[in-house]
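Remarks on the structure that follows.
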Amino acid sequence: MNWQSLFGRAAAVDADEADVSEALARVRGRTESDGYTERDANRNDDAAESAAPAPPEPSPARVVADADVLAADLLVGGRSRAALEALWRHSWTTLVASDALLDDAEAVVADLAEPTDASLAADWRAAVADWREPVSHPRNDHPALGSAYRGGAMHVLSLDDRLTSAGAGAALRDRVPVSVREPRAFAAVFDAERLYPEVRDGDYPGPDREPRDGNGESAP
């Protein structure tokens, strides 16, 4: 299943970013008024930590998209798709995601798309699984933050303002070198030409993959 076909099918689903965020809240069973950030940044699970492999060296070319961004990329487009498209077009960047993170995103897609397209979530999961680099993290970690830490990602994309707030960012940076931004803010700072010399030798070659939508240009 290719991305162009998935986007075409997803266009029939009536969903916006608010619907995606509400569906993810249901999936994760959030009841607390504050976010995961402080809890996860300070969690001490000695057994899980000792069993897990050491994280790779953090890299600005390694990025995590939280489940809301992954689902919005498919179902809504807009800022989430534009941000992820910048990564897709450059194969030397890495989309990092644990199975737990993909589980959440798949559940959101299924929740919103099932009345229209019952197989869309499973087909999307197969496509994104081919793209992402898998990573494991302790079971109780926030899926996006755990993926970033264990996967050496220096950027997390999220639609959750509890993760993108200044206070949450400060709490995270005390522990790990990661920035959490909403997709439009990430797209504003992502400069492939400037980043390329940090992770590869030689001159920046430009985008090296065709757009997922087949139109020859990024999503708006």
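Every number here is computed from the coordinates shown, using simple stated rules; none is lab data. The model shown is predicted, which means the values in this text are computed figures rather than measured ones. Glycine also receives a Cβ, built like all others from the backbone with ideal geometry; neighbour counts cover every protein chain displayed.
For His142, His90, what ranking results if the residue with the fewest other Cβ atoms within 10 Å of its Cβ goes first?
With the sparsest Cβ surroundings first, the list reads His90, His142.
Exposed loop GluC sites (Glu not before Pro) only (DSSP loop, at most 12 other Cβ atoms within 10 Å): please give the longest stretch of the chain free of them, not including the sites. Mind showing how you got there, number by number?
Working: sites that count: Glu32, Glu217.
Answer from the scan: 33-216.
Could you tell me which of Phe7, Val156, Leu120 has its Cα farthest along the dipole of the chain towards the positive end, charges placed at Cβ (Lys, Arg +1; Asp, Glu -1), taken about the Cα centre?
Val156
Using a simple charge model, +1 on the beta-carbon of Lys and Arg, -1 on the beta-carbon of Asp and Glu, nothing else, what dipole does the chain show about its Cα centre, in debye to the nearest 20?
On the way: 23 positive and 41 negative charges, 66 e Å.
Its charge dipole is roughly 320 debye.
What FRET efficiency comes out for the pair Ala118/Arg200, r = Cβ-Cβ distance, R0 = 35 Å, nearest 0.05?
It comes out at approximately 0.25.
Give the residue from Ala188, Gly214, Leu74 lying farthest towards the positive end of the charge dipole for the chain; charges sit on Cβ (+1 for Lys and Arg, -1 for Asp and Glu) and the dipole is referred to the Cα centre.
Ala188
Of Pro177, Pro58, Pro205, which is the most mobile in a GNM of the chain whose springs link Cα atoms less than 10 angstrom apart?
Result: Pro205 has the largest fluctuation of those listed.
Based on C-alpha coordinates, I'd like the Rg and Dmax of the chain, in Å.
Considering the chain through its Cα atoms, Rg and Dmax are 16.8, 50 Å.
Roughly how large, in nm² to one decimal, is the mean projection of the convex hull of the alpha-carbon atoms in the stretch 72-145?
Mean shadow area of the hull around the Cα atoms is 5.3 nm².
Taking the stretch 109-140, which trypsin sites (Lys or Arg not before Pro) meet the DSSP loop condition and have no more than 16 other C-beta atoms within 10 Å? Mind showing how you got there, number by number?
Numbers: sites: Arg125, Arg132, Arg139; in loops: Arg132, Arg139.
Those satisfying the criteria are Arg139.
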